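Here's the structure, in structure tokens; my notes come after.
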Amino acid sequence: MAEKKLEELPGVGPATADKLRDAGYTDLMSIAVESPKNLAEACEIGEAAAAKIIAAAKQAADVGGFEPGDVILERRQNLKKLTSCSKALDELMGGGFETQAIVEFFGEFGSGKTQLCFQLAVNATMPFEKGGLEGEVIVIDTENTFRPERIVQIANAMEMDPVETLHKIHVARAFNSSHQMLLVDKAMEMAKETKVTLMIVDSLTAHFRAEYVGRGALAERQQLLNKHMHDLLRFGDLNNAVIAVTNQVSSKPDAFFGDPTRPIGGHIVGHAATYRIYLRKSKGGKRIARLIDSPNLPEAEAVFSVSEEGIRD
Ligand code: ADP
Ligand code: MG
């Protein structure tokens, strides 16, 4: 069922709908969870009018519902784990990368984020016995760094048919952040016909960072990123898929998170990602992965390498 448009809310005409959208309230949920005071200020409307709009959005928004614990348990019993081809990294993740969860790789340029995504893409097409997910892969490529030739190298190293493997990896370039978010809806449609067990967004944050610059744009950026992350998590839940996203640590200080070693999107991305892995280069081409803030695993590190064959110990 399609969600109501903002204009369909009682008391919201085209002009108010435009004001809402301009202020970053692009969907009903973002309005439903807002306070009348904030909404009134952001849209330059009266507080009473804002309260009415919020009440209407609460009625109309798909806010989800409660599920019995046994239903959740059943879904979690379907959890699968995807191998990375590095024992150390798999162990760090409690036996591999879990479906129905988002893993965020963050680190500097060249730290191995995209290489890890390539390896996971190949592995997701493998049988369960080999640590795969027996499915197909969706890649949302925002930086034009997808290289089929690299997939061929990695597939060959696994003694897999490279063309067959490539055929199962579906790539879309995202031209801007709205396009990027729209592609998740598109992926959701595609997943009705194709078994998609891995979704990659590389990079999750680059477009958002480029488009929403400065302190004034921060609230909107965070709100959109938050929605994007929740759409991704929903995709993972519904399709029993792994969601892997990358986030480049900015070398320039962020408008808000001044510390250059902090990933952009800050706590919004951090809270929505189930697992965050900080990647850094080490001696002799080695990479160090550090698991941060996991809900169920200890903070720890693993060493792996990136070679012509792909990811290895
Ligand atoms: P980022 O974190 O910016 O996405 P990448 O994952 O693309 O970085 O990592 C790039 C690095 O991966 C290169 O600097 C190189 O060390 C390694 N790499 C890429 N391709 C190969 C290859 N074919 N053989 C060996 N190492 C490679
Ligand atoms: Mg990259």
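Things worth noting here:
- Residue match in the stretch 8-17 (condition: more than 22 Å from the chain's Cα centre (by Cα) and under 17 Å from Leu224 (Cβ atoms)): no
- Phe97 meets all of the listed conditions (1) of a type in the set (Phe, Trp, Tyr); (2) within 15 Å of ligand 2 (Cβ to nearest atom); (3) at pLDDT 95 or above but one, namely (2).
- Residue check for Glu220: farther than 22 Å from Lys81 by Cα, part of a helix (DSSP H, G or I) and either more than 15 Å from the chain's Cα centre (by Cα) or not assigned by TED's automatic domain parsing to the domain that holds Thr145 (or both): yes
- Of residues in the stretch 187-233 being farther than 24 Å from Ile31 by Cα and among the charged types (D, E, K, R), the one surrounded by the most Cβ atoms within 10 Å (Cβ to Cβ): Asp202
- Conditions (1) within 14 Å of ligand 1 (Cβ to nearest atom); (2) of a type in the set (A, V, I, L, M, F, W, C); (3) over 17 Å from Ala273 (Cβ atoms); number of the one not met by Ile138: (1)
- You will find that of Glu91, Glu7, the residue that is out of contact with any Leu (no Cβ under 7 Å at 6 or more places or on another chain), acidic (Asp, Glu) and under 30 Å from Ile288 (Cα atoms) is Glu91 and no other.
- Some residue of the stretch 124-132 being of a type in the set (Phe, Trp, Tyr), farther than 19 Å from Lys195 by Cα and either in contact with a Cys (Cβ under 9 Å, 6 or more places away or on another chain) or surrounded by fewer than 21 Cβ atoms within 10 Å (Cβ to Cβ) (or both): no
- Within the stretch 100-110, considering residues that are crowded, with 23+ Cβ neighbours inside 10 Å and over 21 Å from Arg76 (Cβ atoms), the one farthest from ligand 2 (Cβ to nearest atom): Phe106
- Beta carbons closer than 7 Å, at least 6 apart along the sequence or on distinct chains, pair a first residue in the stretch 220-236 that is farther than 11 Å from Phe208 by Cβ with a second that is crowded, with 23+ Cβ neighbours inside 10 Å and hydroxyl-bearing (Ser, Thr, Tyr) for Gly236/Thr99.
- Yes/no for Glu34 being loosely packed, with under 12 Cβ neighbours inside 10 Å and at pLDDT below 90: no
- For the stretch 241-287, the set of residues classified as modelled with pLDDT of 95 or more and outside any strand (DSSP E or B) consists of Ala241 only.
- Once the stretch 134-152 is narrowed to residues that are more than 16 Å from ligand 2 (Cβ to nearest atom) and either among the aromatic types (Phe, Trp, Tyr) or buried (at least 18 other Cβ atoms within 10 Å of the Cβ) (or both), the residue that is nearest to Glu189 (Cα to Cα) is Ile138.
- Close pairs (7 angstrom Cβ cut-off, 6 or more residues apart or separate chains): basic (Lys, Arg) in the stretch 172-191, buried (at least 19 other Cβ atoms within 10 Å of the Cβ) anywhere: Arg173/Asp141
The values are calculated or read from the model by the stated rules, or taken from the named source; none is laboratory data. Predicted model, so just to flag it, every value in this text is computed and none were measured. For neighbour counting, all protein chains shown are included, and Cβ atoms are generated from backbone atoms with ideal geometry for every residue, glycine included.
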